[in-house]
1. For region 249-281, which residues satisfy the criterion of being part of a loop (DSSP other than H, G, I, E, B) and either of a type outside the set (A, V, I, L, M, F, W, C) or in contact with a Ser or Thr (Cβ under 9 Å, 6 or more places away or on another chain) (or both)?
2. So if I check each of T31, T58, which one is assigned by TED's automatic domain parsing to the domain that holds V154, hydroxyl-bearing (S, T, Y) and out of contact with any strand residue (DSSP E or B) (no Cβ under 9 Å at 6 or more places or on another chain)?
3. Could you tell me which numbered condition T284 fails, if it satisfies all but one of (1) of a type in the set (S, T, Y); (2) part of a helix (DSSP H, G or I); (3) at pLDDT 90 or above?
4. Within region 111-135, work out how many residues are under 17 Å from the mean Cα position of the chain (by Cα) and more than 16 Å from G94 (Cβ to Cβ).
5. Restricting the first residue to region 70-93 and requiring it to be under 30 Å from I291 (Cα atoms), which pairs with a second residue that is among the hydrophobic types (A, V, I, L, M, F, W, C) and at pLDDT below 95 meet a Cβ separation below 9 Å and a spacing of at least six or different chains?
6. Out of G67, G94, report the one residue that is modelled with pLDDT under 95, over 18 Å from I194 (Cβ atoms) and in the same structural domain as A118 (by TED's automatic domain parsing).
Amino acid sequence: MSRQESNAFKPLRSVLYMPSSNERALEKAKTLPADAIIFDLEDAVAPDAKPEARKAATAAVQSGEYGNRHLIIRVNGIGTAWHADDIRAAAQAGPDVVLVPKVNSAEEVLELVAALDAAGAPEKTTLWAMVETPIGMLNALSIATASERLTGFVMGTNDLVKELYAEHVPGRQPVLTGLSLALLAARAAGIVIIDGVYNDVKDTEGFLAEVEQGRQMGFDGKTLIHPGQVDGANSGFAPSEQAVEDARGLIRAWEDARTSSGSGVVTYNGKMVESLHVESAERTLAIHEAIQAL
């Protein structure tokens, strides 16, 4: 599967982590309107619970009970005691994505791709890398372009804050450089990129502000740690009614001008329209239609 086919406007507004060791959480995930579910084997699972969590995650992926949601298994990182077994199990389960934390180099991407191939991962199962360290940010472009099987980045902002000796502050000034480097690399490579989590599940105002910031920066969606964050992410990363109306109007104006024999200058709502504006409008409509198809 090519990157273009894999990333063709699949809504990924809300990407919810669920601990695979928690049977109730996995059951609840079937009813949530999240675009994607991450069956987590890493941070959310205690060491002694990891083998059973691995079995539960693979069973969930193979159950067929999660509808059209994008299904992702986050394995434990390279060099951990559980990584090899996680990769083998995830590959055989065949989720949409295997997500690997702390990917720091193109060489690690090639190692992961080889492991997935060796374990018999189906073609539809792609690789996403968590970019969450200073060296990962600085190597973002080489990571993003290392393999056609790598189709996405997920930002690990908590780890990045820790490794920078920074602080979590409104507006995320300490990590904006890293976020921007990863965004540039993802867009240059043509892969999706999902923003990091917001830690305070009771701070709705702060969460929604960060959703808006992520959308304005260019992220495709946001990773979430609580079901209560799903609706806000879905709304925040969906084109507004006004944006959809404007996109349709702009495209009509462009098409009308191309079919008429009048001036070559195209305007819509008093603003000059160029082909790049049309491409952005077409993308807005494609995302809107994909969301409506859910």
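The values are calculated or read from the model by the stated rules, or taken from the named source; none is laboratory data. All figures in this text were calculated on a predicted structure; none of them were measured in a lab. Ideal geometry is used to build each Cβ from the backbone, glycine not excepted, and the neighbour counts take in all protein chains shown.
1. Once the filter is applied, which keeps residues that are part of a loop (DSSP other than H, G, I, E, B) and either of a type outside the set (A, V, I, L, M, F, W, C) or in contact with a Ser or Thr (Cβ under 9 Å, 6 or more places away or on another chain) (or both), region 249-281 yields S260, S261, G262, S263, G264, N269, G270, V273, E274.
2. On the way: T58 fails: out of contact with any strand residue (DSSP E or B) (no Cβ under 9 Å at 6 or more places or on another chain).
After ruling out the rest, the residue left standing is T31.
3. With (1) of a type in the set (S, T, Y); (2) part of a helix (DSSP H, G or I); (3) at pLDDT 90 or above applied to T284, the lone miss is (3).
4. The number of residues fulfilling the criteria is 4.
5. R74/A44
6. Being modelled with pLDDT under 95, over 18 Å from I194 (Cβ atoms) and in the same structural domain as A118 (by TED's automatic domain parsing) holds for just one of G67, G94, which is G67.
Conditions (1) more than 16 Å from the chain's Cα centre (by Cα); (2) surrounded by fewer than 22 Cβ atoms within 10 Å (Cβ to Cβ); (3) assigned by TED's automatic domain parsing to the domain that holds T31; (4) more than 30 Å from N22 (Cα to Cα), marked per residue:
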{"site": "V169", "(1), (2), (3), (4)": "yes, yes, yes, yes"}
{"site": "G190", "(1), (2), (3), (4)": "no, yes, yes, yes"}
{"site": "G196", "(1), (2), (3), (4)": "no, no, yes, no"}
{"site": "K202", "(1), (2), (3), (4)": "yes, yes, yes, no"}
{"site": "F207", "(1), (2), (3), (4)": "yes, no, yes, no"}
{"site": "G218", "(1), (2), (3), (4)": "no, yes, yes, yes"}
{"site": "K222", "(1), (2), (3), (4)": "no, no, yes, no"}
{"site": "Q229", "(1), (2), (3), (4)": "no, no, yes, no"}
